[in-house]
Each structure stands twice: as C-alpha cells, then as structure tokens.
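**Student:** Here it is, the structure, as structure tokens.
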C-alpha cells in the first residue's frame, strides 16, 4: 500500500458519495429552486444576507474545517492507518455529510432558524432550552481551545525566548487577511463583476497578504495574541456577515483549497510509502479503539459543530435551495479529503507502530513540504505556507463558532411567542447581541488562559454528542413534515452509543484523578463533562420520544 492508492480510493469514494448518495437525498427530500430562501424573506443585513454559492461555500468550508481534520486522523493513527481511513470515508459520506445537509435543509425550510429553534418547534420549548444550553457550553469550549491554539501559532517566541520567524509571518498575514477581508466585503457588496471577476480580486489580495506577511513578520508574545484574538472575535461576532465573515472565509477558502490541491498533487508526484502498519491493536496506551477512534476523529468523519454552522450562519446566506447540496454535503466531503491527506502524512513519517514526533500541524506540514520538493518547491517555503493555512483553519472556525455561541445565548432567553417590543427588560438585555457576545467570550477567555490541553479532551466527546442531538432534531423534522428520514436513524443511534460511552468513561477517569490529586483543571473538566452528559441525555430522550410518536403529535409541516 502507498499514499497514491489511498488518495485515489478516497477520491473515488467521495465523488461517488456526492454524485450518487447526495443527489439521491435531494430527490428524497425535495428542492425548490423557485422558492425564496430565508436570506431574502428574513433579510436583516446582519445575519440574513443572500450570497453567491461560491461565497457561502467558502464560508461553510473555512468554518467547519478548522484544525481538527488534521489533528484527529494523526492522533487516531495510534490504531494504524486502516481504522481511521474507514471511519473517515464511511463516516464522512453516510454520517457527516448527511448531518450537514439535513441541518442546513431543515434550517432553510424553517426560516433559517438554528437547530435549537427547530427543536423547539418539533420537540418542545424545554428541549430547545436544554439544547441551546448544551450548544453554548460547547461553543465556550471550542472558542477557548481554538483561541489558545491560534495564539500559539502567532507566538513570535519559543520557550527559550528565541524568535520564531514562521509564526511571526503567519501572524502578519492573518492580520492582513482581516484588513483585506473588510475591503473585499465592501467591494463584493457594490461590484457588478461576475463570480470569476470577484474570484480574481480575492486571489490577488490573498497573494499580496502572503507576500507582505513573509516580508514583514510581527513578533509578539502569547499573552498579546490572546487579547488580540478575543478582540477580533468580538468584532467578528457582531458586525454584519457581509462586512467580515463572508469575505474573510471567501479569501481563506482559496488558501485552504489550494493547500489541499497542492497536497494531493504532491502525494501523486512523490508517491510516498505507507510506513505505518494497517492495524496496531484494540488497546493502545490505555485507549480503546471504541470509543476513542470515533471521538478523536470528529471533523473528517462527523462533527456536531458543522450542524451549528449549517443552521446557524450558512443557511441564512443561501441564495437558492439548489446551493444547499454543494455548500453542505460538498464542503463535508472536501474536509474528509483533508483528513485522508493528514492520514497519508502521518503514515509516511511513521515507523511501523511508532508515530513521528511533533504536533499534528508540524507532522502535516513536514510531510506535505517533503512531497512538494518533488515539484521543485523549496521545503522551507512550503512549510511556512502550510502552517499559515493551518492557522487560517483555526481562526476562521473561531469567527463562526463565536457567532454561533452568541446566537445560542440569545435564543436561549428570547421568547419566540412575543414580538421584540413585548420581551421583558431582562430578556432584552440578555438577548442583546453585545451582552451575549461579551458573556460568552469572557468565560472562553478564562478557559483559554488555562491552555487548550485542559479542555481539549472534552471537545471530541461533546462535539460528537452534539452531532447525535442534531441528527435527532433533523430526523424529527423530516418525519413530521412527511419526508423520509430513515437514513438518519443508524448514524444517530451509533453516535449516541459512542458519545455516551466516551463521556461516561471520561467522568470516571476525572473522578479518579481528582480523588488522587485534586486540581483546578480536572475539576473544571468534570463540571463541563457532567453538565454536557446530563443535558445530552435529557435532550436525546425527548427527541427519541418525539421520533417514536405519531406524526400527528408534531407541529404543522413547514414548506
């Protein structure tokens, strides 16, 4: 087995998944190209803003990718290359892509509402409250973890105080991306250029930012970048999506897609050997294949966070219902491709059952840079650009998850049975977007200062449980709107079993650790783990009861 064979298998499976399974789903559920989408019917100029398919695709892909499709497969390679590959391909097509598409479909058919509001309509208000609380806690975890990771990629100094030029260049380029995105946002809003013209402008800006970033590195400390990133997140969470979120993701999507294409071409040219064994053992260093594999690889197979992006931000920008399949299903399959590339990287650098040293982004960058030398590209240049792309993954995810966290907090308190004027004074304050954003980010900042290592172990389990809950909500929606939803039942059953097992084992492990050595980090993890487990169990029970109930018990079908 070699890297080229693995890549070709992935391309064939993913292409077949999109052309056959994805299109079959659109026929089963129904797409109306003449219907006015929520981007028009609910237009507010802030969250509800129609955008071209390429722009929304860029937002969706850049938001969902993050660093997880690189981290997960590389970490899961402790079990060999075969289990991660099977989970990525089968899970990506039949679990992840279906979840992303169904979440976006349900949202677009329900005025662009998030999964939380859909739960309220089809399961009940109490279920909505619990789900939104779960989402808010989850978003705090994600913001804290990713903010600390991104700040680390910007840190201009190593542990010895020496300058780190690659990090400083990444920081400069990322700042320039933000500035360029604002300008591009206004340009896209007023320009009459066709899509190809807008793309050309975006590519020119992207190249200019990279060139300046490499020439003018900014050296600052980790603490400085923590503050900078949270200020940026706050602004990105409250400004209209067309002003920053859409154009920034549009810019970054080109960088990310070019990186994936370059990686595939590099693998095909270099033809790397697979030095990792296909399968090691069901138990490695105290970690068992089940459920560890399935929560370690979240993005790249199925990720609950994707449902929040699909229903929380992207659905509000869909211009035509025909765009839903390529934006949601297509983005997920492209992310699976990235996960498979990551797996090839670690399999090439491994030695039998021994994984290479270094963090997953370093392993990824080292391998891809090596592959690209076959094309005559200097290794140092490739490494810097790849690390820049990985950093862009994390920062664009922060854009979206912070906004989703803010929306979840607002929706938790907002009474949908009353108009804006009828809301109580307390609700008006708590549902204010500035208040909701500040409260969300303050808690995330406190956790981020602890370091992502304290909270990362919970991310995978919470993320996958969120996916299971989203699948339940979508299955209930499909059933009670007279649409076929049986294709969601197996994925949601599997994800419930996986996540409740993983969270249960995590709680037991944390209790043992605290009994032996009490510490703040484990205590904080235990609080989050217990809350997430309780909320998840209750919402799952309520959803399954609705799924098993006669269709007549549900709310009226939407259009």
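Just so it is clear, none of the values below were taken in a lab; they were calculated from the coordinates. Keep in mind it's a predicted model, so treat the numbers as computed, not measured. Reconstructed Cβ throughout: ideal geometry from the backbone, glycine too, with neighbour counts over all protein chains shown.
**Student:** Taking the beta-carbon count within 10 Å as an exposure proxy, list 421, 411, 42 from fewest neighbours to most.
**Tutor:** 421, 42, 411
**Student:** On to the next question. So what does log10 I(q)/I(0) come out to for the range 407-453 at q = 0.14, 0.22, 0.25 Å⁻¹, using the Debye formula with one equal point on every Cα and no solvent?
**Tutor:** -0.41, -0.73, -0.84
**Student:** Give the value in nm², to one decimal: projected area of the alpha carbon convex hull of the range 247-372, averaged over all directions.
**Tutor:** 9.4 nm²
**Student:** Starting with the fewest neighbours, write out 114, 419 ranked by other beta-carbon atoms found within 10 Å of each beta-carbon.
**Tutor:** Ordered from fewest to most neighbouring Cβ atoms within 10 Å, 114, 419 come out as 419, 114.
**Student:** Next question. Given R₀ = 51 Å, what would the calculated FRET efficiency be for residue 179 paired with residue 516, taking r from the Cβ atoms and rounding to 0.05?
**Tutor:** 0.55
**Student:** Then there is this: Restricting things to alpha carbons, find the Rg to Rh ratio for the range 353-396 using the Kirkwood radius for Rh.
**Tutor:** For the range 353-396, the value is 1.03.
**Student:** Which one, (i) 62; (ii) 47; (iii) 55, gives percent of Cα pairs over 30 Å apart as derived from the coordinates shown?
**Tutor:** (ii)
**Student:** I need the semi-axes of the equivalent ellipsoid of the range 314-444: take the C-alpha gyration tensor, multiply each eigenvalue by 5, square-root it, list largest first in whole angstrom.
**Tutor:** 43, 19, 13
**Student:** Principal axis lengths of the range 106-145 from Cα atoms, whole Å, largest first?
**Tutor:** 32, 22, 9
**Student:** So, one more: Tell me the relative contact order for the chain as a rounded percent, counting alpha carbon contacts under 8 Å between residues six or more apart.
**Tutor:** That works out to 30 percent.
**Student:** With a 10 Å Cβ neighbour count serving as the proxy for reagent exposure, in which order, fewest first, do 337, 332, 104, 1 appear?
**Tutor:** In increasing order of surrounding Cβ atoms, one gets 1, 337, 104, 332.
**Student:** Decide, for the range 324-374, between rounded, prolate and oblate: order the square roots of the alpha carbon gyration tensor eigenvalues as a ≥ b ≥ c, take rounded if a/c falls under 1.5, and otherwise choose prolate if a/b is larger than b/c, else oblate.
**Tutor:** prolate
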